[in-house]
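The block underneath contains the structure these notes are about, expressed in structure tokens.
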Amino acid sequence: MSGPFKAVKITDKVYWVGAIDWGIRDFHGYRISRGTTYNAYLVLADKITLIDTVKPPFRAEMMSRIASVINPKDIRYLISGHAEMDHSGSLPYIIETVKPEKIFASTAGVKALQEHFHFDHEITAVKDGEKISLGNRELMFLETRMLHWPESMFTYLVEDNLLFSQDGFGMHLASNERFDDELDMHILEEEAAKYYANILLPYSALVTKLLDRVKAMDLRPDLILPAHGPIWRKGISRIIELYGKWAAQKPSLKAVVVYDTMWHSTEMMAQAVAEGLTSGGVPTKLMPLSSSHRSNVVAELLDAGALLVGSPTLNGNLLPSVADVLTYLKGLKPQNLVGAAFGSYGWADAAVRQIEEILTSMKIPLVAEGIKVKYVPTNDDLSRCVTFGSQVATKLKEQHVD
Ligand code: FEO
């Protein structure tokens with residue numbers, strides 16, 4: 001009995017046996033708009049091999065898909081490309097069920113899996129560049145350390161030119177379609193950018209090195225099969241080009257103004273600041289935190305050149321919502337931005353200074369003196385805010401090289 005879910009044939013030898021999570025919206029703080037998939041792949045070589053598994057609540061779906069093409073007990077090898085639970089979570093179950101001959105992971109992966117599951121199954125460590133035989137097929141492994149965990153690795157099915165890229169080139173997008181060319185490319189680029197910004201951004205220098213390495217190895221995959229979202233078939237060169245662009249984080253003439261407000265004073269300031277930026281020739285995205293999630297803010301910053309942050313002072317502090325987004329951004333380490341701060345206060349102005357300290361700690365140079373307004377801005381105050389925005393626009397244009 002295979003259950004209701006069927007495997008999807010990708011090539012003669014490879015089937016998609018993952019799961020579709022239509023309902024997920026929170027991925028450890030990253031707000032997902034369109035659900036996701038957990039992709040597992042079955043290679044029907046002489047040694048039948050399963051590449052990765054799915055998040056634990058979806059294991060019955062994965063088992064059903066596997067059972068639609070083979071007896072799961074015929075799986076001989078398991079490959080774990082990444083120890084994060086959305087891919088490794090069903091590993092203990094499938095090991096117990098299938099009793100494979102061998103389980104493979106990177107050297108760091110062996111340790112990470114043991115530290116996750118505290119089991120005593122033997123896992124074989126594979127080195128960077130190492131190949132293993134599946135009989136009539138060969139797999140090669142490429143370590144991709146810190147992309148985005150220490151143990152992450154790519155797997156290459158040599159004869160078929162298939163690159164199993166783990167989280168790399170992935171996106172959170174639930175769909176019944178398995179290939180990029182069956183979906184709207186605009187949505188794919190939007191979700192891939194958001195995924196890059198929220199997951200891979202801090203490791204951009206390593207992404208650049210990896211792209212150079214893949215080029216030097218002359219790997220020309222016919223398909224890129226990530227762990228989330230659709231398989232790249234038509235858009236391979238496009239997604240590689242986009243990764244090169246995102247990893248470079250070359251600033252554009254674009255500003256992002258992020259703010260929250262108590263009684264609309266900081267909001268009025270934000271709108272005036274945006275007016276100054278726009279009239280200074282810089283396209284500007286205004287992002288009120290009442291309706292903008294932190295994961296959308298970082299996605300907007302992926303191609304921005306300036307980050308302006310506004311908060312009123314509340315009890316001697318910046319607003320918690322502003323602290324939230326700054327904490328998130330600090331971890332994701334956006335590069336090549338200039339910054340500035342603004343905000344209203346009642347009797348003790350603290351928020352602007354605190355924002356400036358955080359931006360400085362993020363290595364974002366301040367290009368205008370922070371602007372503060374007591375209680376409610378006058379027209380003169382708002383004119384100062386417009387001028388402040390224009391000053392940032394001028395600085396950004398001076399730094400912009402294109
Ligand atoms: Fe999709 Fe890093 O797990």
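Annotations for the structure displayed:
- Legend: residues Ser265, Ser252, sorted from most to least accessible area (1.4 Å probe; ligands, DNA and RNA excluded), read Ser252, Ser265.
- Share of carbon and sulfur in the accessible heavy-atom surface of the stretch 8-248 [1.4 Å probe, %]: 51
- Cα-based shape type of the stretch 347-392, given that a ≥ b ≥ c are square roots of the gyration tensor eigenvalues and the cut on a/c is 1.5: oblate
- Convex hull volume of the chain per residue (C-alpha atoms, cubic angstrom): 139
- Unsatisfied cross-links (Cα-Cα over 26 Å) in the set Lys250/Lys395; Lys55/Lys254; Lys73/Lys234; Lys194/Lys254; Lys9/Lys234: Lys55/Lys254; Lys73/Lys234
- As a fraction of the 1.4 Å probe accessible area of the stretch 255-396, surface on carbon and sulfur atoms comes out at 52 percent.
- CD proxy at 222 nm, helix term only [per DSSP H run n ≥ 4: -39500 (n - 2.57); per residue of the chain; nearest 500]: -10500 deg cm²/dmol
- Considering only beta bridges that DSSP places wholly inside the stretch 193-334, some 25 percent are antiparallel.
- As a size descriptor, the averaged projected area of the C-alpha convex hull of the stretch 8-248 was calculated at 11.5 nm².
- Euclidean distance of C-alpha centroids, the stretch 372-402 and the stretch 100-116, integer Å: 53
- Stretch gain in nm, segment Arg220-Asp46, where the contour uses 0.36 nm per residue and the Cα spacing is subtracted: 60.2 nm
- Share of alpha-carbon pairs per 10 Å distance bin for the stretch 255-396, given as whole %: 14, 50, 34, 3
- Averaged over its residues, the chain has an accessible area of 42 Å² per residue, based on protein heavy atoms and a 1.4 Å probe.
- Across the protein chains, with a 1.4 Å probe defining accessible surface, the residues Thr284, Thr155, Thr387 rank Thr387, Thr284, Thr155 from largest area downward.
- Note on the chain: antiparallel DSSP beta bridges, both residues inside, total approximately 45 percent of the bridges counted.
The values are calculated or read from the model by the stated rules, or taken from the named source; none is laboratory data. Because the structure is predicted, anything quoted here is derived from the model rather than measured. Quick note on the areas: whole protein, heavy atoms, side chains included, nothing else; ligands and nucleic acids left out. Shrake-Rupley method; radii C 1.70, N 1.55, O 1.52, S 1.80 Å.
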